[in-house]
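*Asks:* This is the structure, below, for whatever I ask next.
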Amino acid sequence: MSPDLIDTTLDVLRMALLYAVALFFPVMLQLLLLFATGRLFFRLATGISSVITTFLVAIGTPLHELSHALGCLLTFTGVAAIKLVSDEVDTANVKPKRRNVIARPIVGLAPLFGGTLVLWLTATHIIPGFETPTIAPPQLDLESAASLGMVLQEALDYLGRFVQAAYEGLPGLQWGNWRTYVGLYIAFSVGMGIAPSDQDLRVMITALPLATLLGVGAFALFYMSGDAESRFAAFQQGMWPHLLRFSTAVTYAFVLTSLGILVFLPLRLFSEVRRSDRAVTREGGEADAPRPPLAGK
């Protein structure tokens, strides 16, 4: 391979990465924050009691599996079997008809997007008085995106603004309205099931390099099709309304899931204290119990 061809290929790949970073990096960080929040909420809520866990997963677990099934259908891998609830025999799961390396990241991430949609609908149509201002993701041009420091600064500033705006809207909830509590129950249940499971993560990690390569390849073709700067500006303007709507939906999902953490964190701490007290009581009772008399005396 000639040096000129190598230089051209590297330049195309670099510009393709700049396209991806400038458009999607802030929203990707937002999704990662929602993913981490969902995982933390699940671990908090499932450690309190089996009764609370059963009550909370009644909506979130079926939605999680239905999202997987929809991802299978959208990627043409099909659904061989689906189990919406866990029991003593097996956990809830979806079995695709065919295995597709390219489809695996989409199917694995499907609960994150399906849960985001349901949480957004819950916030906007069920919980009265729930308002979160629309926070526009930063618009980065190719020159700004070329600097990793600029991208991180803009993305973190964006995350800080949407977190602040999200929590400022919580006092406006109508706590005397029954719909508020119905909506919060739906939100807490969906928030528990929004994050991909450990098995989903393993599948996504194995397929992610190929999916990333295909994505960069698509942006590379876009770059080579003509004037990069003008085409990127036009593409960004076309994508902007969709990214803004999606970012707002993720904001709603993050607020409701993090609200679940605020509610269940003290309950989890109280549960752990009670378990510790019971363990100490049992140990003390066994130590202080009178010994039975020796045989023959």
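Just so you know, all these numbers are worked out from the coordinates, no wet-lab data involved. Since the structure is predicted, the reported quantities are computational estimates derived from the model, not experimental observations. Using ideal geometry, Cβ is built from the backbone for each residue, glycine included, and neighbour counts are taken over all protein chains shown.
*Asks:* In the stretch 21-120, which chymotrypsin sites (Phe, Trp or Tyr not before Pro) fall in coil by DSSP and have 11 or fewer other Cβ atoms within 10 Å?
*Replies:* Within the stretch 21-120, the qualifying chymotrypsin sites (Phe, Trp or Tyr not before Pro) (loop, at most 11 other Cβ atoms within 10 Å) are Phe76.
*Asks:* Obtain the nm distance between the two label points defined at Thr46 and Arg268 by a simple spin-label model: each point lies 7 Å from its Cα along the Cα-to-C-beta direction.
*Replies:* If labels sit at Thr46 and Arg268, their model points lie 1.2 nm apart.
*Asks:* Related question: Give the shape of the stretch 22-172 as rounded, prolate or oblate, defined through the alpha-carbon gyration tensor: a ≥ b ≥ c are the square roots of its eigenvalues, a/c under 1.5 means rounded, and otherwise the shape is prolate if a/b is larger than b/c and oblate if not.
*Replies:* It comes out oblate by the Cα gyration axes.
*Asks:* Taking neighbour counts of Cβ atoms within 10 Å as a proxy for exposure, in what order, fewest first, do Ile205, Ile52 appear?
*Replies:* Ranking Ile205, Ile52 by Cβ neighbours within 10 Å, fewest first, gives Ile205, Ile52.
*Asks:* What is the set of long-range amide H partners of Val79 at a cut-off below 5 Å, with H atoms built 1.01 Å from backbone N?
*Replies:* Distant-sequence amide H within range of Val79: Lys97.
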